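Structure, as structure tokens:
The values are calculated or read from the model by the stated rules, or taken from the named source; none is laboratory data. Because the structure is a prediction, the values reported are computed rather than measured. Positions of Cβ are generated from backbone atoms using ideal geometry, with glycine treated the same way; all protein chains shown enter the neighbour counts.
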Amino acid sequence: MPAYLCTACGLQFPPAEAPPARCPICDEARQYIPAGGQGWTTLEALQTRHRNAFQRIEPGLYGIGTVPEFAIGQRALLIQRPEGNILWDCLALLDPATVDLIQGLGGISAIAISHPHYYTAMVEWSRAFGDAPIHLHEADRAFVVRPDPAIRFWSGDRLGLGAGVALIRTGGHFPGSAVLHWAGGAEGRGALLTGDTIQVVADRRWVSFMYSYPNQVPLPARAVGAVRDAVEPVAFERLYGAFWHSIVAEDAKDAVRRSAARYIAAISDPAAGR
């Protein structure tokens, strides 16, 4: 039986004879059901029309993205390290070429995902790499539609993954939204991998924070302040968002501070924008 994939968000469901009646990720205020209705595909069908592209972003960091773009269009990030590689966020497409290339880079010892929009085919990825543990925050447990023993729900505000890598719960976009701090990134000055928990905007000196990006629903000031405060204790020079060009290349920590201040001022001042 096929494990159906939602074509709007890439979420994979357990094997079944027929597609699900609905996708709980799309049928929710932060995402959307396309105008043409909910659509479904399978991993096998996806492999015939798409492939994954790789890019070396900086020493020890590789981007992996599906082309042509599928569903939300995010790219995953692979941190390469002697202690074991970590996949940050996930993709719906996994094929033999992707497995071969990643194995050549040292495989995957752990998967960590920022929020439910990027759960996609996480179970397929885990199984392809020796049942690598999948770290998800327990606050988003309800969005897991394909349970698996590899899924490890973590709690609290921080989870260390060893060797200068840690997950930080920020909340905001989702209750369990998290970022990954990589102390060795940016030539040892630190990098923050954020998905779209902290989203890089068109002017890449700035970032933003939203409850829903496609539906343009903002976060309240207190939630933005909580995201900013959650990452304040760690050092990072560079910030990588969810997409290929979502990079704040330098002074990223100050960009988060400035952006939070600008955002809070804009939504708190009744005269703003007049």
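If the condition is being over 11 Å from Val145 (Cα atoms) and touching a Pro at 6+ places or on another chain (Cβ under 9 Å), then segment 116-127 contributes only Ser126. Residues of segment 185-223 being buried (at least 24 other Cβ atoms within 10 Å of the Cβ) and either among the β-branched types (Val, Ile, Thr) or not in a loop (DSSP other than H, G, I, E, B) (or both), which ones? Matches in segment 185-223: Gly185, Ala191, Leu192, Leu193, Thr194, Gly195, Thr197, Ile198, Val200, Val207. Determine if segment 53-60 includes at least one residue that is within 13 Å of the chain's Cα centre (by Cα) and within 23 Å of Val248 (Cβ to Cβ). No - not one qualifying residue is present in segment 53-60. Just one of the listed residues (Gly171, Gly156) is surrounded by 18 or more Cβ atoms within 10 Å (Cβ to Cβ), of a type outside the set (A, V, I, L, M, F, W, C) and not in a helix (DSSP H, G or I), and it is Gly171.
Here is a check on your reading of the model: is Ile79 of a type in the set (Val, Ile, Thr) and under 19 Å from the mean Cα position of the chain (by Cα)? It is true that Ile79 is of a type in the set (Val, Ile, Thr) and under 19 Å from the mean Cα position of the chain (by Cα).
With free of Cβ contacts under 8 Å to residues at least 60 places away in the same chain, loosely packed, with under 13 Cβ neighbours inside 10 Å and over 18 Å from Trp125 (Cα atoms) as the only criterion, which of Ala29, Ala18 stands out? Write out each step before concluding.
Numbers: Ala29 fails: free of Cβ contacts under 8 Å to residues at least 60 places away in the same chain.
Only one candidate passes the filter, namely Ala18.
Taken over segment 62-86, the criterion of being farther than 19 Å from Gln47 by Cβ, touching a strand residue (DSSP E or B) at 6+ places or on another chain (Cβ under 6 Å) and touching a residue at least 40 places away in the same chain (Cβ under 8 Å) is satisfied by Tyr62, Gly63, Leu77, Ile79, Glu83, Ile86.
Please determine whether any residue of segment 110-119 is over 26 Å from Glu232 (Cβ atoms) and either crowded, with 22+ Cβ neighbours inside 10 Å or at pLDDT 95 or above (or both). Yes: one or more hits.
Just so you know, in segment 224-274 the residues that are among the β-branched types (Val, Ile, Thr) and closer than 24 Å to Ile113 by Cβ include one that is surrounded by the fewest Cβ atoms within 10 Å (Cβ to Cβ), and it is Val234. For Gln47, the conditions (1) surrounded by 15 or more Cβ atoms within 10 Å (Cβ to Cβ); (2) within 21 Å of the chain's Cα centre (by Cα); (3) over 30 Å from Pro175 (Cβ atoms) are fulfilled apart from (2).
Checking each residue in segment 80-97 for being of a type in the set (Asp, Glu) and surrounded by fewer than 21 Cβ atoms within 10 Å (Cβ to Cβ) picks out Glu83, Asp95.
Checked against (1) in contact with a Leu (Cβ under 7 Å, 6 or more places away or on another chain); (2) surrounded by fewer than 15 Cβ atoms within 10 Å (Cβ to Cβ), Ile151 meets all criteria but (2).
In this structure, Gly162 does not satisfy being surrounded by fewer than 14 Cβ atoms within 10 Å (Cβ to Cβ), at pLDDT 95 or above and either among the small types (Gly, Ala, Ser) or over 14 Å from the mean Cα position of the chain (by Cα) (or both). Does segment 148-186 hold any residues that are of a type in the set (D, E, K, R) and touching a Lys or Arg at 6+ places or on another chain (Cβ under 9 Å), and which are they? Residues satisfying the conditions are Asp148, Asp157, Arg158, Arg169.
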